[in-house]
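The values are calculated or read from the model by the stated rules, or taken from the named source; none is laboratory data. Source: prediction; values computed, not measured. Heads up, the Cβs are rebuilt from the backbone with ideal geometry, glycines too, and the neighbour counts pull from every protein chain shown. Keep in mind that these areas ignore ligands, DNA and RNA; they rest on the heavy atoms of the full protein, side chains included. Shrake-Rupley method; radii C 1.70, N 1.55, O 1.52, S 1.80 Å.
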Amino acid sequence: MIRSIFIALAVAATLFAFASLGEAPGGPLVRAGAGVALGVIVATLAYGQATWMTVAAGALSPLAFAALEVRSLGLATAAMCTLWLLPRLVLAETRRLLFVLAIASGMAALIGGFVFASNIDGSLSARIASCVFAGSCLSLVGILVPVDTSVAWALRSAAVVVASPAREALERAARAHRQAARVPASSARRAQWRALVRLADRRAALARLEGRDADETRQDLDERIVTQAAELAPA
């Protein structure tokens, strides 16, 4: 719930900033850089962590907005909001959930985008209210259509290619992280989860390598993964 509030406020602040970028000093280059930075931040918050997908979607979002703004401000805003939510589609565990998530994300982006566009020329209070409403629409998708967490998805993806006792540990840790995602975690706990993801990524990268060195490295990583997973998600 707290994360949803942060997402709603971040989207609202970003939309309000986009409405004011045209008047910001510094020239087109500075405004373009600010738009890309804001897009990457919102896409990262919506997904849960910074990845190449969130960076790409966030960087493309202001370009989509600029390309469609001349035709329809509402459609341009909806396209930008859709790109912010696009990386979350990979977190859907089934095709049915993917379909529902795609429809919900598209509808939320359309509603929020056109409400924002219809109030952009209104009073300051109307503009702020429209930005908050659009942010609430996008954050509501995460509440109504719950999906895997980014950490759980990464652990489960690594477990698919790991043929060792570490697979069970990674799958157990993935289930535990999704269940614990509703409870706020300390910075130290989040760092432990990130460390486990890095270990899982390294182990998955070595899955098909052959040779004595690779075998020794895999064994070492397996032991570290089992130990780390046992601390975060006891059997």
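General observations
- Segment 1-144 - Kirkwood radius from inverse mean 1/r over Cα pairs (Å): 14.9 Å
- Neighbour count of at most 15 Cβ within 10 Å plus DSSP loop: longest GluC sites (Glu not before Pro)-free window in the chain: 94-209
- Gain on full stretching of the segment that runs from Thr217 to Leu144 - 0.36 nm per residue minus C-alpha separation: 22.0 nm
- Accessible area per residue, Å², segment 75-191 with all protein chains present, probe 1.4 Å: 51 Å²
- Largest GNM mean-square fluctuation across Leu91, Leu209, Leu83, computed for the chain with C-alpha springs under 10 Å, falls on Leu209.
- Cubic angstrom per residue, convex hull over Cα atoms of segment 118-235: 148 Å³
- A straight chain from Leu63 to Leu29 at 0.36 nm per residue would run longer than the Cα-Cα distance by 11.0 nm.
- Modelled spin-label separation between Glu231 and Ala129, with each label point placed 7 Å from Cα along the Cα-to-Cβ direction: 5.1 nm.
- Neighbour-limited loop hits for trypsin sites (Lys or Arg not before Pro), segment 43-114 (at most 14 other Cβ within 10 Å; DSSP other than H, G, I, E, B): Arg71
- Per-pair calculated FRET efficiency, R0 = 22 Å: Ala191 and Ala50 via Cβ, rounded to 0.05: 0.90
- Cα Rg, Dmax, segment 128-169, angstrom units: 17.3, 53
- Over all distinct Cα-Cα pairs of segment 139-206, the Kirkwood formula returns a hydrodynamic radius of 12.6 Å.
- Fluctuation leader among Ala174, Ala34, Ala188 - the chain, Gaussian network, Cα springs under 10 angstrom: Ala188
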